[in-house]
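The values are calculated or read from the model by the stated rules, or taken from the named source; none is laboratory data. This structure is a prediction, so every number in the text was calculated from the model and none was measured. Using ideal geometry, Cβ is built from the backbone for each residue, glycine included, and neighbour counts are taken over all protein chains shown. Accessible surface is based on the protein model in full, side chains and every heavy atom, while ligands, DNA and RNA are left aside. Shrake-Rupley method; radii C 1.70, N 1.55, O 1.52, S 1.80 Å.
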Amino acid sequence: MKIFLPYGLLLLAGLLLLAPAGTIWSQTKGPVHLEAMALLHQPDSRSKVDSIIAFTMRNRKNNLMDTLFKAGFELVKRLGYQRAEPRLLDAYGVYNRDFSRYALALANHKDSRALAHKLGDITTEIHATNNIGVVYRRLDENGKALTLHMEALRLAEKTGDDYSASVSLNSIGNIHIVLGNYNDAILYFRKSLPIAQRAHNMLGMAMNYNNIGEAYEYMGRLDSADKYYKRSLYYNEKINSHKGIAISYNSIGNVLKKQHRIGEAIALFQKAKRITDTLGDGLYRANNYNNLGNAYLLINQYDKAKTMFFDALLIARDIGTMTEIKSAYEGLMKLNEQTGHPEAALLYSKLFKQYSDSIVTESNNRHVRQMEAIYDTEKEKARIAFLEANREKDSVLRKNDRVFLFGALILSLLILTSGILYYLRYRLLERNKRLSQELEIRSQIASDLHDDMGSTLSSIHIFSELLRKSGTNKEELLTKIEANAKDTLDALDDIIWLVKPSNDKFSNLCQHIREYAIPMFQSKGIRFNIDFPESVSEIPLPMDTRRNIFLIVKETVNNLVKYSRCTDASIIARNEDTVIFFAIKDNGIGFDPEKLTDRNGIKNIKSRAQKINADIKITTACGDGTLVEFWVSKEKLVYEKPAPAAAGMKNHSR
């Protein structure tokens, strides 16, 4: 083993000689540097590999670790220490993640998980699974992240791994924060706290306290948020977590900013910046810079705000975090509005809207609910299987008829109780399912109001500024303002109609379609026939079905009026045995369905039909008009009003 000792010394010396002044090496002279040197001096052995893994996990924010990882991988190969390789790969993935090298981190964690599974190392397999989920969360792929954290949670509970279970619960809570489900997030964080404490995971406790504070901040409960942020800071200082301290400074600073204590907030953001600038973690640097930019904007220090937003944008683009890109664009939009640059404000408004896709949030929410339901169902199956196994064991031990009769009585009571509990659970799941659907629609409405109408109103404001300053093109600007205002009023009208409980019958949908379609046809002089038979008028329609049917018809009529050049059109509905049939037809110029176009009309129509599981068929050809037909299954129209929802109560994943 002495043969290999000079290799470590030469490698270390070479790096010291080759590194230019001011590089990472010169910054690491101190206890960490000396400990790393001593570690490389140790005789080559399996215990040395274990020490390298432990040391790199404790000091993962230091670029010096590259040398140790290289030495560790060489030793694993040379000593045939295969059982250490998954742990070393997982540690290397965390190290790369902390420096925002996400593609490399994913590859490391996936290799670690596969090898750990092959070797039967369940602990490392769980750690790697959670870490893959963390990387996906950094990349805003919350559906993938949730699947992995749920898988890790099941394995951790099965094996009694409290540390990993607390990490999984915290991660799932973070996903709920991203999706705006703050009550659910707090429940997961509170579940995680005692488990983290039992596992002596003080970092996990600091993270959970910070995340609870974050949920309260988003709910507007600033005093509660400040209390939990300061608890998090206490634990981060106790374990000397520089990253955690920076996160706490940013969090407390955001509360101060919302309390209009801007000077105090900026002082904390600057303290955090001095830490995040040294960590190498792009996500937290971008977030810190955006926070500073918004604070400077509030006190009209526009040059400093502009610098912070552009720096945040460059970092966020480099690492691919959509959340911070969106925040930077929003800040630049507000900055240009306040400084009287409406053209630039309009450009940043459009860029901001591109990163506010409500469809992604809606599908992620649905995925979260599905995964949680699967997880709860599997836990229930495991419990029932356990009870069944115990009952079979008891039956073998019965010695006489008296015991048998007593056991039969107990079994009957259990079956009766299980039946009652199963019935109650089924009713509760059905109620929760309906409530979840209602909440998804509410979230969609809120998102539409924030994104679409907010952007439209912002455009009106910007066009108004242009009109006030412009000496020409006044008619064109007035036309744009009028069109945007009309779009806003139409959107409000649709939302009011959608949420009004008295509109839950087919007859109300028919009337709303008429109110939209007739003025559209009349504006182009199109002869029309709208026929909705009396037999469908009393059919109840759930809110989401009613909304998507109307949007399919609306999109089709809009395309018909804009592009078909028709003289006759019709909208009909028919009440058939198992479906309600719709048809929208025109005698216009038609189109080539195989021809690519940059318009999204057909894609939107098919997407809406898919959401309500409706079959749809579009028949057209150049010169032959267009026929859009779709069939909505009556089985999907079972409607019960959900019980009133209970009043409801920044996502940092490390």
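The figures follow:
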{"item": "Where labels lie 7 Å past Cα in the beta-carbon direction, separation of Leu416 and Ile122 in nm", "result": "3.9 nm"}
{"item": "For the stretch 126-215: relative contact order, % (alpha-carbon pairs under 8 angstrom, 6 or more apart)", "result": "24 percent"}
{"item": "The stretch 512-550-the stretch 137-168 distance, computed between alpha-carbon centres (Å)", "result": "47 Å"}
{"item": "Restraint check, Lys110/Lys144; Lys595/Lys617; Lys243/Lys326; Lys273/Lys306; Lys258/Lys334, Cα-Cα greater than 19 Å", "result": "Lys243/Lys326"}
{"item": "FRET E, pair Tyr423, Ala54, Förster distance 45 Å, beta-carbon r, rounded to 0.05", "result": "0.30"}
{"item": "C-alpha center-to-center spacing [the stretch 286-317, the stretch 612-634] in angstrom", "result": "49 Å"}
{"item": "Rounded percent of accessible protein surface that carbon and sulfur make up, the stretch 134-207, 1.4 Å probe", "result": "56 percent"}
{"item": "Approximate spin-label separation His242-Lys617, in nm, with each point projected 7 Å along Cα-to-Cβ", "result": "6.7 nm"}
